[in-house]
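Derivation of every value follows stated rules applied to the coordinates shown; laboratory data play no part. Small disclaimer: the values here were computed from a predicted structure and weren't measured. Quick reminder, even Gly has a Cβ in these numbers, built from the backbone with ideal geometry, and neighbours come from all protein chains shown.
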Amino acid sequence: MIELAAVLDMAQVAQAGAMLDAADWVDGRATAGHQSAQVKRNRQLPEGSPAARKLGELVLSALERHPLFLTAALPSRVFPPLFNRYEGGEHFGSHVDNAIRQVTGTGLRIRTDLSCTLFLSNPGEYDGGELVVEDHYAERRVKLAAGDAILYPATSLHRVEPVTRGVRTSCFFWVQSMVRDAGERALLLDLDLAINQLRDRVPEEGGLVQLTGLYHNLLRRWATA
Ligand code: NI
């Protein structure tokens with residue numbers, strides 16, 4: 001799981017908040033699969049609504065400038081961002097996201113390798129509402145500052161705890177990665193981060209050229225562009 005700090009700045013978070021307050025919301029089960037519809041209790045902006053489109057573009061252009069998102073996800077296709085809202089005990093029980101999502105109104109299909117949640121409410125504005133991601137060994141409870149995002153494997157079971165006070169709004173979407181295998185993706189991220197550290201600390205180190213070549217040769221071997 002990778003935390004992405006400050007995907008949106010405070011002014012963008014405020015802009016998003018004002019648009020979301022003014023928007024029309026629908027039952028979140030509109031985009032849920034059969035199993036998740038049984039445990040999903042929240043509201044969403046309708047897919048493709050003007051507010052969802054405008055805010056989605058804001059999020060996508062911010063992601064394109066976020067170096068950690070680019071190197072961690074190695075994105076090939078990103079699902080148009082969706083927006084949800086929880087209040088008054090609303091929650092989303094344990095589920096796994098559909099493996100393939102079709103973008104409504106297009107023939108475009110996306111394999112959901114990674115899920116991403118971008119928090120749009122500050123933790124002080126609501127109680128509960130943690131995103132809980134289960135892996136084989138533990139549960140990770142995530143509640144980030146507004147503007148921060150978490151990237152996690154779409155293969156994991158996850159849920160959103162009931163929001164018992166206030167309102168939690170967030171943006172969520174899926175990423176099809178150029179590198180399908182999560183283990184290969186993790187190795188590439190480690191290598192890239194290590195190369196960046198070396199470049200900062202010992203820029204004259206000649207081995208950096210070979211390491212950078214190694215990174216690109218592994219990417220060439222594993223990626224589908
Ligand atoms: Ni989900």
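With point charges of +1 on the Cβ of Lys and Arg and -1 on the Cβ of Asp and Glu, referenced to the Cα centre of region 2-177, which listed residue (GLY56, ALA5, GLN176) lies farthest in the positive direction of the dipole? Positive-end residue among those listed: GLN176. Taking Lys and Arg as +1 and Asp and Glu as -1, the other residues whose beta-carbon sits under 13 Å from that of GLN102 total +3.
Taking a Cβ cut-off of under 13 Å around LEU187, the surrounding Lys, Arg, Asp and Glu residues balance to a net charge of -2, with basic ones at +1 and acidic ones at -1.
For the chain, the dipole from Cβ point charges (+1 on Lys and Arg, -1 on Asp and Glu) about the Cα centre works out to 620 debye, to the nearest 20. Most tightly packed first, judged by the mean number of other beta-carbon atoms within 10 Å of their residues, the peptides 96-107, 171-182, 44-55 read 171-182, 44-55, 96-107. Gain on full extension, evaluated as 0.36 nm per residue between ALA37 and ILE195 minus their Cα-Cα distance, stands at 52.5 nm. Were the residues from ALA138 through VAL103 laid out at 0.36 nm apart, the gain over their Cα-Cα distance would be 9.4 nm. Taking packing as the residue-averaged number of other Cβ atoms within 10 angstrom, the listed peptides 153-164, 200-211 run from highest to lowest as 153-164, 200-211. Placing a label point 7 Å from the Cα of GLU125 along the Cα-to-Cβ direction, no residue of region 67-83 has a backbone N closer than 12 Å.
A convex hull fitted around the alpha carbon atoms of region 25-68 yields 96 Å³ per residue. Maximal additional length on extending the ASP24-HIS216 stretch stands at 64.6 nm, based on 0.36 nm per residue less the C-alpha distance.
Near the amide H of ARG43, within less than 5 Å, lie the amide hydrogens of GLY28, ARG85, all on another chain or at least 5 residues away, with H placed in the peptide plane. Using a simple spin-label model with points 7 Å from Cα along the Cα→Cβ vector, what separation in nm is obtained for ALA14 and LEU70? Taking the two extended label points, one gets 2.9 nm.
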